1. Calculated FRET efficiency, B:GLU274 and B:LYS317, Cβ-Cβ r, R0 22 Å, to nearest 0.05?
2. Once you place label points 7 Å from the Cα toward the Cβ at A:LYS84 and A:LYS132, how far apart are they in nm?
3. ³J(HN,Hα) across the stretch B:291-298 via Karplus (A = 6.51, B = -1.76, C = 1.60, θ = phi - 60°), whole Hz, x for Gly/Pro?
4. With springs only between Cα atoms under 10 Å, which of A:MET118, A:MET81, A:MET164 fluctuates most in a Gaussian network model of chain A?
5. Straight-line reach only, C-alpha to C-alpha below 14 angstrom: list the aspartates and glutamates that B:LYS201 could link to, leaving out same-chain residues fewer than 8 apart.
6. What share of Cα pairs, in percent, lie more than 20 angstrom apart in the stretch A:98-179?
7. Check B:SER136: other-chain or 5+ apart residues with amide H under 5 Å from its amide H, H built from backbone geometry?
8. Once the convex hull of the C-alpha atoms of chain A is built, how many Å³ does it hold per residue, rounded to a whole number?
Amino acid sequence: MKDNELIQLFFDRDEHAISSTAEQYGKYCMYIADNILPSREDSEECVNDAYVTLWNTIPPHNPESLKGYLARVVRNAALSMLRKINAKKRGSGVVDEIIDELSEAETDTPESITDAKMMGELINGFVEGLEKQQRIIFVKRYWYLCPSKQIAKECDMSVANVNMTLHRLRQQLKNYLEQEGFNV
Amino acid sequence: MKKKEIFEMTTHLDEKYILEAASEPKKNIKLKKRIITFAVAAALTATMSIGAFAAYKALNRESVGTFYESSAMDEIERKGYVSNQITENEHFRMTLDTAIKDDYNFLAVVTVKALDSYAEQYLEKLSEIATDATYSDTGEKLDGFAFLTGVDTYQKGKEYSMRLNVPVNTVNGSVDLSRPIHIEMKRDERNKTAENVDLFKGLNFDLKDIKQSKSVKFSSPSGDVLNVSELEIAIETDKIDVRKDESEISNDTFESINNISIHYKDGTTQSLSEKINIVAMYLTKDDRTVIIIDLRVLIDPDTIDYIEYIGSDFRAK
């Protein structure tokens, strides 16, 4: 079923909207949630919550891509659930690890930005300038929160190459942020 | 801008990039398969045309090509660094594809194929396999020879390719690679996926007559020495303490470790930054840090005039 047909089911308040979405994108949603949350059960709960969010937000929202919108909803739900989980399990470790990695891209300027639009322009400007393979590795690591081993498997590379590429990307991001001011 | 803000910023990535990264880059995989098919055909042709040379061994390019560029694999075949030793039981087939030594490391590529579900589960959980090593001539145990550990690993389906850089002089002792060595694979204590199955029974390699790579020493004005072999560059230094956690090593230091330029006698210069497979660091018996720069290409150390590395020019001694 195409995205616009699925979206129409939501607009029609058709009860098959969620089951059809789950059939179409269930595996993809679990892929996102599994990288963030510590257990399969948490991931399943998170993905189910995401379907409910979809039901509650479409309409009025009419996303251009249901898959893209759903991906954001699942990621946000997983990160939110993770904050509530009071144990230092795999998931929380991964997020901490990734945030620590990004210290390599920190800039010295004290300014910060809170405007979502500006944040979007900044990060999308950076990834737009990357070669496709680099961009995919960057997004897999910092959006999907995939471990290096998984990225290596999916991108047909060795783990060392992935780690080396990520290190260089963090350096490039730091340079980019500095070039952009970063005195926003 | 702080790291948490940068992480928060990734939340605002455009959907087109999120969707682009959701699927595997299948185009590259197809391209690689085409190249492999071609390479196998080329290898067969080469074998037939020089059939008189019994010592010629064609390389498993699909596995070895993970770590070496095509020109390097041609050189590995030409110089006789191919081993193709196979050991197998009902769970695993392991192939020692290449075997080379230099002054610092035993360098090899090993392909491990899972033949049943127990082996698959094991490899999913762990990328390392425990081994015992002994000198074949005396039976003396070699504690310092950590075969199949500390490797770069690449997975494709049920097959793992592992690139080994086994140090011959570490805190655990020295290894004499001119003597024959027997390697016995054994169950790793961390293997909890198949507790009642001895996955590694009967799996072993015999290392003998390992070919020695050519190597040349280059020194800086301050006395640091770079040992350049065909496959890797090693430097012993006091400037970096390997006992520190990786996160304590500054970005500038990390970056300088990865930047190396070779100036050849014919006047050309080559930056090796994009030709590095992995940079490894370890501590020797006498407490010095060794940095190993493991290359995806083969270089001829005799053709080098000088090397720029960590802010110094290194010239042949």
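Values in this text are rule-based calculations from the coordinates and carry no lab data. On a predicted model such as this, the values are computed, not experimentally measured, just so you know. Heads up, the Cβs are rebuilt from the backbone with ideal geometry, glycines too, and the neighbour counts pull from every protein chain shown.
1. 0.20
2. Result for the modelled spin labels: 4.0 nm.
3. 9, 10, 9, 8, 9, 8, 10, 9
4. Among A:MET118, A:MET81, A:MET164, the largest mean-square fluctuation in the Gaussian network model of chain A belongs to A:MET118.
5. B:GLU88, B:GLU90, B:ASP132, B:GLU184, B:ASP188
6. Numbers: 1063 of 3321 pairs.
Considering the stretch A:98-179, 32 percent of its Cα-Cα pairs are separated by more than 20 Å.
7. When sequence neighbours closer than 5 places are left aside, the close amide H contacts are B:ILE181, B:HIS182.
8. Numbers: hull volume 25.7 nm³, N = 184.
Hull volume normalised by residue count: 139 Å³.
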